[in-house]
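Every number here is computed from the coordinates shown, using simple stated rules; none is lab data. Worth saying up front: this structure is predicted, and the values here are computed from it rather than measured. For neighbour counting, all protein chains shown are included, and Cβ atoms are generated from backbone atoms with ideal geometry for every residue, glycine included.
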Amino acid sequence: MTEVTDGVLHTLFHSEQGGHEQVVLCQDRASGLKAVIAIHSTALGPALGGTRFHPYATEAEAVADALNLARGMSYKNAMAGLEHGGGKAVIIGDPEKIKSEELLLAYGRFVASLGGRYVTACDVGTYVADMDVVARECRWTTGRSPRNGGAGDSSVLTSYGVFQGMRASAQHLWGDPTLRGRTVGIAGVGKVGRHLVEHLLADGAEVVVTDVREDAVRALREKHPTVRVAVDADELVRTPGLDIYAPCALGGALDDATVAALTATVVCGAANNQLAHPGIEKDLADRGILYAPDYVVNAGGVIQVADELLGFDFDRARAKATKIFDTTLELFARAKADGIPPAAAADRIAEQRMAESRRSPSVTPSVTPVA
Ligand SMILES: NC(=O)c1ccc[n+]([C@@H]2O[C@H](COP(=O)([O-])OP(=O)(O)OC[C@H]3O[C@@H](n4cnc5c(N)ncnc54)[C@H](O)[C@@H]3O)[C@@H](O)[C@H]2O)c1
């Protein structure tokens, strides 16, 4: 057995980051598919999480990523109040080069072989059109297009949920949920970021944005000329008078230098895994910056895809995403009462919910999707 395998097995069975119920290695040589499906927990219901398609440098890196992402989904789904555990899949390879219908169908057969213990969706490198193909072989597929019974682009409710998280932050800090007159800086105006701009402008906030893609900024400014632009995220976080900073691009946005330079008093954004390393949540709290945990406020997307399994109803899904306001507010209260940062309080609540459920491992799915 190689050292790499030993490392993965050690993580899985012995480390604090492990404890996953099941890890499935999938291979279909005919189509070139190599995938890892990781089920962290089914304590609250069938594991739900997207499929990442990425050219990992090594297979061990892919397994580690799947384990990490699956674990994150358990916490996200638990905090969102969903009857779902956490899982995630990764497909190894460059999607630009190897993605094919044959490969996605083979992947769908592997997901189907789990009989509903894992429900898949889109993630980085996979899109609604891909899920339509996967769904031909697997009924436990969400993130499909509306014409195939899906909910389509999940960024609509993701941005709405982040907006609810910002309103809760405003309520907690300033005693009023409105963002009127507040200045919000958004790093990344892609699918989620640009919808977020609309919510904020409608509420009367001032918005400053930055994006590495000039065309994204230009398109936004053409539609909303009042939006200001910062050269880059570095300049954005230093903007005088910034009330809220919303990382909506990549993970690791909150590193030591950023936390030290931030002028905002709230951080609330869509990006996954914003804290660059453990301890940053404490640094933010020490500087008096209120951090709305990423996986709590960006759960609108998973709420949206979970609803697909019931036969998608936008109003019902939106009503569930609205609850992110209450969840975030309660979380801040719990953090204050326990004397810990909100990120630690979120982990604590999610772990408690999973421990209390005691359904693990669920071998039969409790959700049979509506066709
Ligand atoms: N789409 C969803 O439903 C959803 C759900 C949960 C979490 N998220 C997370 O939210 C974030 C945004 O998702 P998205 O769907 O809008 O992605 P996206 O790819 O559509 O948009 C990301 C934007 O960030 C920009 N960007 C990249 N690096 C940057 C940098 N250094 N500075 C400024 N801008 C930069 C990109 O050019 C792009 O316009 C991601 O971290 C994603 O994982 C998305």
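Which aspartates and glutamates does Lys320 reach when only Cα atoms under 16 Å apart count, and residues fewer than 8 places away in its own chain are ignored?
Cα-Cα hits under 16 Å: Glu83, Asp307, Glu308, Glu330.
With viscosity set to 1.567 mPa s at 4 °C, what whole-number translational diffusion coefficient in µm²/s follows for the chain from Stokes-Einstein and a Kirkwood radius over Cα pairs? All intermediate terms of the calculation are to be shown ahead of the outcome.
Working: Rh = 20.9 Å.
In µm²/s, the coefficient is 62.
Where Lys and Arg each count +1 and Asp and Glu each count -1, what net charge lies around Tyr56 among other residues with Cβ under 13 Å from its Cβ?
On the way: positive: Lys34, Arg52; negative: Glu59, Glu61, Asp65, Asp94.
Taking every other residue near Tyr56 into account, the sum is -2.
Asp286 to Ala129: FRET efficiency via 1/(1 + (r/R0)^6), r the Cβ-Cβ distance, R0 56 Å, to the nearest 0.05? Let's see the in-between values first.
On the way: r = 46 Å, r/R0 = 0.81.
Computed FRET efficiency for Asp286 and Ala129 comes out at 0.75.
Take each of the peptides 113-123, 230-240, average the number of other beta-carbon atoms within 10 Å over its residues, and list them starting from the highest.
Working: 113-123: 23.4, 230-240: 15.9.
In descending order of packing, they fall as 113-123, 230-240.
Please compute one quarter of the surface area of the Cα convex hull for region 198-326 and express it in square nanometres.
Numbers: hull surface 36.7 nm².
Average of the hull's projected areas for region 198-326 equals 9.2 nm².
Would you mind telling me the antiparallel percentage of the DSSP bridges in the chain, rounded to 5? Could the numbers behind the result be given before it?
Numbers: 13 of 39 bridges.
Beta bridges within the chain, antiparallel portion: roughly 35 percent.
Quote to one decimal, in nm, the extra length available between Ala319 and Val212 on full extension: 0.36 nm per residue of separation minus the C-alpha distance between them.
Working: separation 107, 0.36 × 107 = 38.52 nm, distance 3.34 nm.
Taking 0.36 nm per residue and subtracting the Cα distance, the gain is 35.2 nm.
Counting each DSSP H run of 4 or more residues in the chain as -39500 (n - 2.57), what helix-only mean residue ellipticity at 222 nm follows after dividing by all residues, to the nearest 500 deg cm²/dmol?
Values: 16 runs with 170 residues, N = 371.
My calculation for the chain gives -13500 deg cm²/dmol from helical runs alone.
Just to confirm a number: summing +1 for Lys and Arg and -1 for Asp and Glu over residues other than Phe314 whose beta-carbon lies under 14 angstrom from that of Phe314, what do you get?
Working: positive: Arg316, Arg318, Lys320; negative: Asp153, Asp307, Glu308, Asp313, Asp315.
Summing Lys/Arg as +1 and Asp/Glu as -1 gives -2.
Taking a spot 7 Å from the Cα of Leu25 along the direction of its beta carbon, which residues of region 46-87 have an amide N less than 13 Å from it?
59-64
Among the lysines, which fall within straight-line cross-link reach of Lys99, defined as a Cα-Cα distance under 19 Å, with same-chain neighbours fewer than 8 residues apart omitted?
In chain and number order, the partners are Lys34, Lys88.
Return one number: the angle in degrees, 0 to 90 and rounded to the nearest 10, between the long axis of the Cα atoms of helix 59-79 and the longest principal axis of the Cα atoms of the chain.
Approximately 60 degrees, to the nearest ten.
When the label point is put 7 Å from the Cα of Asp94 along its Cα-to-beta-carbon vector, which residues of region 27-56 have a backbone N closer than 18 Å?
32-34, 53-56
Suppose R0 equals 22 Å. What FRET efficiency, 1/(1 + (r/R0)^6) with r the Cβ-Cβ distance, do Gln17 and Thr58 give to the nearest 0.05?
Working: r = 18 Å, r/R0 = 0.82.
Once the sixth-power term is evaluated, E becomes 0.75.
Just how far, in whole angstrom, is region 165-194 from region 142-158 if you go by their alpha carbon centroids?
25 Å
Over all alpha-carbon pairs in region 6-148, figure out the percentage whose distance exceeds 21 Å.
On the way: 3716 of 10153 pairs.
Result for the distance tail: 37 percent.
In terms of Cα to Cα distance under 17 Å, which lysines are near enough to Lys323, apart from those fewer than 8 places away along the same chain?
Lys76
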